[in-house]
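See structure below.
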Amino acid sequence: MAPDRNTTLPNYRGRFAPSPTGPLHSGSLVAAVGSYLEARSRQGEWLVRIENLDPPREVAGAAKEILDTLEVLGMEWDGEVVYQNRRNEIYQAALAALEQQGLLYPCICSRKEIADSSIIGIDGPVYPGTCRGGLPAGRNSTALRVLTHDDPIEFKDALRGLIRQQLASATGDFVLRRADGIYAYQLAVVVDDAAQGVTHVVRGADLLDSTPRQIYLQQLLGYSTPAYMHLPVVTNKQGEKLSKQTQAAAVDVSRPVAQLVEAVRFLGQTPPAELAESSVTSFWQWALENWQLQKIP
């Protein structure tokens with residue numbers, strides 16, 4: 001399963017991959033702006049991927065609204081937008097490759113059963129391996145899990161330094177395809193980053209703990225590992241990450257420059273006050289000329 005690549009890829013290919021569960025809000029805007037500035041300041045490409053794997057969570061029209069907002073904000077992407085819900089055959093091929101290596105097994109455990117029998121890890125209950133030895137007769141509707149081990153997975157985050165995680169004790173064997181047939185985020189993001197030739201992933205720190213699982217899958221599938229940078233996460237007054245669940249307000253497209261200035265200030269940059277009164281083009285010219293990683297908190 002070699003990634004789709006040509007021989008003229010840029011040295012830097014980044015991406016922004018929102019989920020269409022609602023409009024772009026200030027938290028997702030910070031991730032978009034950070035990834036865009038990193039890519040463009042390094043003369044790299046910037047791709048957009050709509051991560052719409054889970055139909056029950058998708059809001060009708062949200063994908064188009066996100067893309068329209070990016071356009072108003074002057075954020076131009078390279079190539080065509082990729083939609084994950086059109087790529088099931090590619091994800092299934094990756095599962096088949098893992099299955100050939102004897103790395104997958106079916107699991108019938110409910111969330112309650114796992115919670116009742118597990119310790120808590122970095123991302124909720126750690127799966128205790130209940131179904132590793134096989135399933136009882138007559139049980140259907142199974143998820144697929146990948147076998148893990150406790151050899152450390154390590155990577156160097158551009159902002160946070162060395163990160164180390166032992167998957168078997170941190171998460172346990174994790175799901176790659178749910179019982180309802182929906183492919184897991186962890187699998188899809190790895191397959192798509194490889195297929196699109198992504199060299200650098202800049203995203204929110206809420207996904208930091210997912211990165212070792214993704215690197216593990218990259219290793220199993222023979223993919224190269226991108227460089228990672230996890231930006232600080234925007235929170236509300238209660239300290240909760242901004243999201244649809246926490247009623248995050250949509251980006252105000254009637255004030256595009258003010259929204260962009262607010263995003264770069266959150267990322268530690270110091271735009272002059274008058275920039276908020278300028279044009280979108282002037283904002284990006286200033287931002288690209290003055291982007292400094294070391295200022296990010």
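Of all residues in the stretch 163-177, those that are open to solvent by 40 Å² or more (accessible area, probe 1.4 Å) and either of a type in the set (D, E, K, R) or at pLDDT below 95 (or both) total 3. Within the stretch 150-192, being assigned to a helix (DSSP H, G or I) and either among the hydrophobic types (A, V, I, L, M, F, W, C) or more than 18 Å from the chain's Cα centre (by Cα) (or both) holds for Leu167, Ala168, Ser169, Ala170, Leu187, Ala188, Val189, Val190, Val191. Take the conditions within 20 Å of the chain's Cα centre (by Cα), under 20 Å from Leu98 (Cα atoms) and either in a loop (DSSP other than H, G, I, E, B) or of a type in the set (Ser, Thr, Tyr) (or both) and apply them to Thr211. Does it pass? Yes; evaluated as a whole, the condition is true for this residue.
So that you can scan it fast, the table gives a plain yes or no per residue for (1) closer than 30 Å to Val261 by Cβ; (2) of a type outside the set (Phe, Trp, Tyr); (3) in a loop (DSSP other than H, G, I, E, B):
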position: Gly74; (1), (2), (3): yes, yes, yes
position: Ile90; (1), (2), (3): no, yes, no
position: Gly121; (1), (2), (3): no, yes, no
position: Thr130; (1), (2), (3): no, yes, yes
position: Gly133; (1), (2), (3): no, yes, yes
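Just one residue in the set Arg160, Arg87 is among the basic types (Lys, Arg), open to solvent by less than 70 Å² (accessible area, probe 1.4 Å) and within 30 Å of Trp46 (Cα to Cα); that residue is Arg87. Only a single criterion out of (1) modelled with pLDDT of 95 or more; (2) more than 19 Å from the chain's Cα centre (by Cα) is not satisfied by Asn11, namely (1). Can you pull out the residues in the stretch 239-277 that are modelled with pLDDT of 95 or more and assigned to a loop (DSSP other than H, G, I, E, B)? Matches in the stretch 239-277: Leu267, Gly268, Gln269, Thr270, Pro271, Pro272. Residues in the stretch 130-146 that are in contact (Cβ under 8 Å) with a residue 24 or more places away in the chain, more than 22 Å from the chain's Cα centre (by Cα) and surrounded by 14 or more Cβ atoms within 10 Å (Cβ to Cβ): Cys131, Leu135, Thr142. Among what's in the stretch 53-72 and is part of a loop (DSSP other than H, G, I, E, B) and open to solvent by 60 Å² or more (accessible area, probe 1.4 Å), pick the residue that is farthest from Asp193 (Cα to Cα). Residue satisfying both the conditions and the ranking: Ala60.
Evaluation of Glu80 against the conditions (1) under 26 Å from Leu221 (Cβ atoms); (2) of a type outside the set (Val, Ile, Thr); (3) in a loop (DSSP other than H, G, I, E, B); (4) open to solvent by less than 50 Å² (accessible area, probe 1.4 Å) shows that the sole unmet condition is (4). There is no residue in the stretch 116-129 that is crowded, with 16+ Cβ neighbours inside 10 Å and farther than 23 Å from Gln165 by Cα. Exactly one of (1) at pLDDT 95 or above; (2) over 18 Å from Trp284 (Cβ atoms); (3) open to solvent by 10 Å² or more (accessible area, probe 1.4 Å) is unmet by Ile50. Its number? So Ile50 meets the others, but not (3). Looking only at residues of the stretch 93-107 that are in contact (Cβ under 8 Å) with a residue 40 or more places away in the chain and either of a type in the set (Val, Ile, Thr) or within 22 Å of Asp192 (Cβ to Cβ) (or both), we find that the one that is surrounded by the most Cβ atoms within 10 Å (Cβ to Cβ) is Ala94.
The values are calculated or read from the model by the stated rules, or taken from the named source; none is laboratory data. Since the model is a prediction, treat every value here as computed from it, not as a measurement. No Cβ is skipped: glycine too gets one built from the backbone with ideal geometry, and neighbour counts run over all protein chains shown. When the accessible area is computed, the model is the full protein with side chains, heavy atoms only, and any ligands, DNA or RNA have been set aside. Shrake-Rupley method; radii C 1.70, N 1.55, O 1.52, S 1.80 Å.
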